[in-house]
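What follows is calculated from the coordinates using simple rules that are stated; it is not laboratory data. Note that the coordinates shown come from a computational prediction; the quantities given were computed from them, not determined experimentally. Ideal geometry is used to build each Cβ from the backbone, glycine not excepted, and the neighbour counts take in all protein chains shown.
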Amino acid sequence: MTATTPRFAPRKRDALVVSDVQRDFLPGGALPVARGDEIVAPLNEIFGAFVAAGCPIFAVRDWHPPDHCSFASRGGPWPPHCVAGTPGAEFAEALRLPPSAVIISKATARNKEAYSAFAGTDLGARLAAAGARRVVVAGLATDYCVVETVLDARAAGFEVVVLVDAVRAIDAEAGDGARALHRMEQAGAELHRGDDDRTAG
């Protein structure tokens, strides 16, 4: 089993939430996540499984104004990235989002940070409308947007599965990604790895 062939079988009332697989977060981007490009191939395969199962897919993106509060120019921790409408804010070129995928934009207000896909968005309402019981989470970055999305999903009462082969961490401090995975597991999320012989269903 390789990272490009994750063994995961969606079940009824699952929903896939993919965080921030955007050009600025890939190698060569404004705020690159090391090896972030490695998750694109597994995600493309996962998309096929969800489409075949009739389960909804939500593609979340940072969609910042040019003067967002997270940017260093305004005292934030990050360089400008994923500015709405710019090439860096586009999804990864090789990411094959299905036509049915619903795009969720976050961190769109200049004075509000939003790591979680639930923060300031209608994702929770959309999941409820879709009848989702379990949220399957993947994307970038493990130690910021992924962990915050998972914790909010658990707080909202969803079962959660994290696709470990389809997340990568910034690791601003060594071990941040591993600590984030531990936090998610402690919150009740299931960590699913592609070399696991069990299906998550």
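What residues of segment 95-129 lie in the reach of a label at Ala156, counting those whose backbone N is under 17 Å from a point 7 Å from the Cα along Cα→Cβ?
What the label zone holds, given the 17 Å backbone N cut-off, is 101-108, 114-129.
Evaluate Rg over Rh across the chain, taking Cα atoms for both radii and Kirkwood's formula for Rh.
Details: Rg = 15.6 Å, Rh = 16.7 Å.
A ratio of 0.94.
To the nearest 0.05, what FRET efficiency results for Ala72 and His182 with a Förster distance of 25 Å applied to their C-beta separation?
Values: r = 29 Å, r/R0 = 1.17.
The pair Ala72/His182 has a calculated efficiency of 0.30.
Which order results if Ser100, Ser116, Ser19 are arranged by neighbouring Cβ count within 10 Å, fewest first? Present the calculation step by step, with values, prior to reporting the outcome.
Values: Ser100 12, Ser116 24, Ser19 30.
Least to most surrounded, the residues fall as Ser100, Ser116, Ser19.
Please report the antiparallel percentage of the DSSP beta bridges confined to segment 16-192, to the nearest 5. Numbers along the way, then the final one.
Values: 1 of 25 bridges.
Here the share of antiparallel DSSP bridges comes out near 5 percent.
Taking the Cα centre as origin and putting +1 on Lys and Arg beta-carbons and -1 on Asp and Glu beta-carbons, what dipole magnitude results for the chain, to the nearest 20 debye?
Dipole about the Cα centre, nearest 20: 600 debye.
Which of Ala92, Val137, Ala72 sits closest to the plus end of the dipole of the chain, meaning its Cα is farthest towards the positive end, when Lys and Arg get +1 and Asp and Glu get -1 on the C-beta?
Val137
How many angstrom lie between the C-alpha centres of segment 49-103 and segment 121-184?
15
When a footprinting reagent is the concern and you count Cβ atoms within 10 Å, what order do Cys55, Cys145 take, fewest first?
Cys55, Cys145
Cut-off 20 Å, label point 7 angstrom out along Cα-to-Cβ of Thr108: give me the residues of segment 82-96 whose amide nitrogen falls inside.
Counting backbone N atoms under 20 Å from the label point, the list is 82-92.
For the chain, modelled as a GNM with alpha-carbon contacts under 10 angstrom, which of Glu93, Glu38, Glu159 fluctuates the most?
In the Gaussian network model the winner is Glu93.
Along the charge dipole of the chain, Cβ charges K/R +1 and D/E -1, which of Ala107, Ile170, Pro56 sits furthest on the positive end?
Result: Pro56, furthest along the dipole toward the positive end.
Summing +1 for each Lys or Arg and -1 for each Asp or Glu, what net charge is found among the other residues whose Cβ lies under 12 Å from the Cβ of Ala128?
Net local charge, Ala128 excluded: +2.
Hey, with R₀ at 30 Å, roughly what FRET efficiency would Glu93 and Arg13 work out to, going by the Cβ-Cβ distance, to 0.05? Spell out each step's value before the answer.
Details: r = 32 Å, r/R0 = 1.06.
FRET efficiency, Glu93 to Arg13: 0.40.
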